[in-house]
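Beneath this line is the structure, given in structure tokens, with notes to follow.
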Amino acid sequence: MNKISQIIQETTEKIMKDLCTKEVVEAAEQGIFPTELWQTLVETGMTTIGIPEESGGTGGSLADALTFLRIAAQFSASIPIAETFVANWLLSKIGLPLLDKTTTIASFQYGNLITFNEASGGWTISGSAHDVPFARYAEAILVIGQSEQGNMVAIVDPDTCSIEEGKNYAGEARDHLYFKDVPVESDNVSSLSEVNANEFYYLTALIRGVQMSGALERILELSVKYSKERIQFGRPISKFQAIQQHIAILAGEVSAAKAMTELAMKSFEAGSGKNQIISAKIRVGEAASIATPIAHQVHGAIGFTEEHALQQSTRRLWSWRDEYGNESHWAKILGEEVLTMEADDLWPFITSMNSKISS
């Protein structure tokens, strides 16, 4: 880790410890947006980490940005920080100005239908998008849709569309958006190449995987801590072999998830990463299904209560695993690719996952 990366990590941890407490997360789930947390992240330049300075960003690498998002996920930060980063990342790619405001993304992918039509002086947008993160709090919406000329991107004012509020299992805002001939000026619209569209598609899945990895680290930390504090039969439950076995399995799942997401991140930075990202989202989803019940078993009944922070992380794991493609979605895509291979190509395909990554 270089000096800049270390500063980013330490700064993120300090901000989150101070401004993203259990009480702040609880309030966010009740509809109170954590304004102080968001403004602090904006003022410190954390919302544009990983975006080149020449494009208006803070600079740093994609790894720095994902480290920031992973730590934010450890604290269950209920803000559109991942969506704002992806939006600005895409805007920097296509040459539109960055957004220094809360931003979310509505895309035609994953069953949504959004169309762009040329109009006098610009474009109009019609269609709908479901489960859009934090749309009700967004000051700008990056809309990705299809037109006769191909994929298009537009910066849209939330006041011009209809928002139906909803929530995921974690209590985070997941709203439904409806566009009916929403007008957008040409200056706020750009075409989206097939390359950038694919990069966006896989980056969103990678980011959710990284966030899940952060939440997994958090439930391991809480489980280890609780096992040392909980006294049963005169000694901490961490001394019992059954609990030690649970913790060992939990730690193994967390390590596997983190290793796979780091491989996917490095591969994406190296210019590929498609299959690594698919594998990471699958593996992290599997880790969540194993780690979540173990964490709650270690904590006993208290882990299910609102008084304990564990449920804030585990509910996010269950929610995030279904976003930007669950295990079944990605396993089908990976399986279809494998089925096109010759028998002798399968093993080299598996063993070459990290072949393009420099040490």
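The values are calculated or read from the model by the stated rules, or taken from the named source; none is laboratory data. Values in this document were obtained by computation on a predicted structure and should not be read as measured data. Glycine gets a Cβ as well: all are built from the backbone with ideal geometry, and neighbour counts include every protein chain shown. In case anyone asks, the SASA skips ligands and DNA or RNA and just uses the protein heavy atoms, side chains included. Shrake-Rupley method; radii C 1.70, N 1.55, O 1.52, S 1.80 Å.
Order the peptides 42-52, 73-83, 292-302 from the highest to the lowest mean number of other Cβ atoms within 10 Å of their residues.
Listed from highest to lowest mean packing, they are 73-83, 42-52, 292-302.
Quick one: Kirkwood hydrodynamic radius for the stretch 186-273, alpha-carbon pairs, angstrom, one decimal?
15.9
Can you pull a Stokes-Einstein diffusion coefficient for the stretch 116-168 at 37 °C (0.692 mPa s), Rh from Kirkwood over Cα pairs, as a whole number of µm²/s?
267
Taking only Cα atoms of the stretch 215-255, what ratio of Rg to Rh do you get with Rh as the Kirkwood inverse-distance radius?
That ratio is 1.00, to two decimals.
Multiply the residue gap between I290 and F349 by 0.36 nm, knock off their C-alpha separation, and tell me the result in nm, one decimal place.
18.5 nm
Excluding same-chain residues fewer than 8 positions from K225, which aspartates and glutamates have a Cα within less than 13 Å of its Cα?
Answer for K225, where 13 Å is the Cα cut-off: E217, listed by chain and number.
Report the full-extension gain for the segment E13 to S328: residue separation times 0.36 nm, less the Cα-Cα distance, to one decimal in nm.
110.0 nm
With a Cα-only, solvent-free Debye model of the stretch 140-204, what are the log10 I(q)/I(0) values at q = 0.18 Å⁻¹?
Evaluating at q = 0.18 Å⁻¹ gives log10 I(q)/I(0) of -0.82.
Probe radius 1.4 Å, ligands and nucleic acids ignored: give me the carbon and sulfur share of the accessible area of the stretch 1-71 as a rounded percent.
50
Between S126 and Q149, how high is the FRET efficiency from 1/(1 + (r/R0)^6) when r is the Cβ-Cβ distance and R₀ = 22 Å? Nearest 0.05. Kindly include the intermediate steps, with their values, before the conclusion.
Numbers: r = 16 Å, r/R0 = 0.72.
The computed FRET efficiency comes out at 0.90.
Per residue, what volume in Å³ does the Cα convex hull of the stretch 95-222 take up? Intermediate values should be presented prior to the final figure.
Values: hull volume 15.5 nm³, N = 128.
Each residue corresponds to 121 Å³ of Cα convex hull volume.
Normalising by the residue count of the chain, find the relative contact order in percent from Cα pairs under 8 Å and 6+ residues apart.
Here the relative contact order equals 14 percent.
Which percent of Cα-Cα pairs in the stretch 74-120 sits in each 10 Å bin, short to long?
So the P(r) values, bin by bin, are 21, 39, 34, 5, 1.
Can you list the lysines whose alpha carbon is less than 17 Å from that of K14, not counting same-chain residues fewer than 8 positions off?
By straight Cα distance, K14 reaches K3, K22.
What is the log10 of I(q)/I(0) for the chain, computed with the Debye formula using one identical point scatterer on each Cα and no solvent, at q = 0.06 Å⁻¹?
-0.23
Spin-label point model (7 Å from Cα, Cβ direction): what's the S193 to S162 distance in nm?
Each label point is offset 7 Å from its Cα along the Cβ direction, giving 3.8 nm.
About the Cα centre, and with charges only on the beta carbon of Lys, Arg (+1) and Asp, Glu (-1), how big is the dipole of the chain? Nearest 20 debye, please.
On the way: 28 positive and 45 negative charges, 327 e Å.
Here the size comes out at about 1560 debye.
Just the accessible area per residue of the stretch 54-154, please: how many Å² with a 1.4 Å probe?
33
Could you give the angle, 0 to 90 degrees to the nearest 10, between helix 194-229's Cα long axis and the longest principal axis of the Cα atoms of the chain?
Between the helix axis and the principal axis of the chain, the angle is about 20 degrees.
Once both labels are modelled 7 Å past Cα along the beta-carbon direction, what's the E307-V338 spacing in nm?
For the pair E307/V338, the computed spacing is 4.7 nm.
Against the longest alpha carbon principal axis of the chain, how many degrees, from 0 to 90 and to the nearest 10, is the axis of helix 62-74 turned?
With both axes taken from Cα atoms, the answer is about 50 degrees.
With a 10 Å radius around each residue's Cβ, average the other Cβ atoms per peptide and rank 346-353, 58-65, highest first.
Averaged packing, sorted descending, gives the order 58-65, 346-353.
Using the basic label-point model (7 angstrom from Cα toward the beta carbon), what is the I249 to Q39 distance in nanometres?
For the pair I249/Q39, the computed spacing is 4.7 nm.
Roll a 1.4 Å probe over the protein chains and send me the accessible area per residue for the stretch 232-328 in Å².
I get 44 Å² per residue for this part.
Quick one: Kirkwood hydrodynamic radius for the stretch 1-129, alpha-carbon pairs, angstrom, one decimal?
Computed over the stretch 1-129, the radius equals 16.1 Å.
What is the pair-distance distribution P(r) of the stretch 261-359, computed from all Cα-Cα distances in 10 Å bins starting at 0, with each bin given as a whole percent?
14, 34, 28, 16, 7, 0
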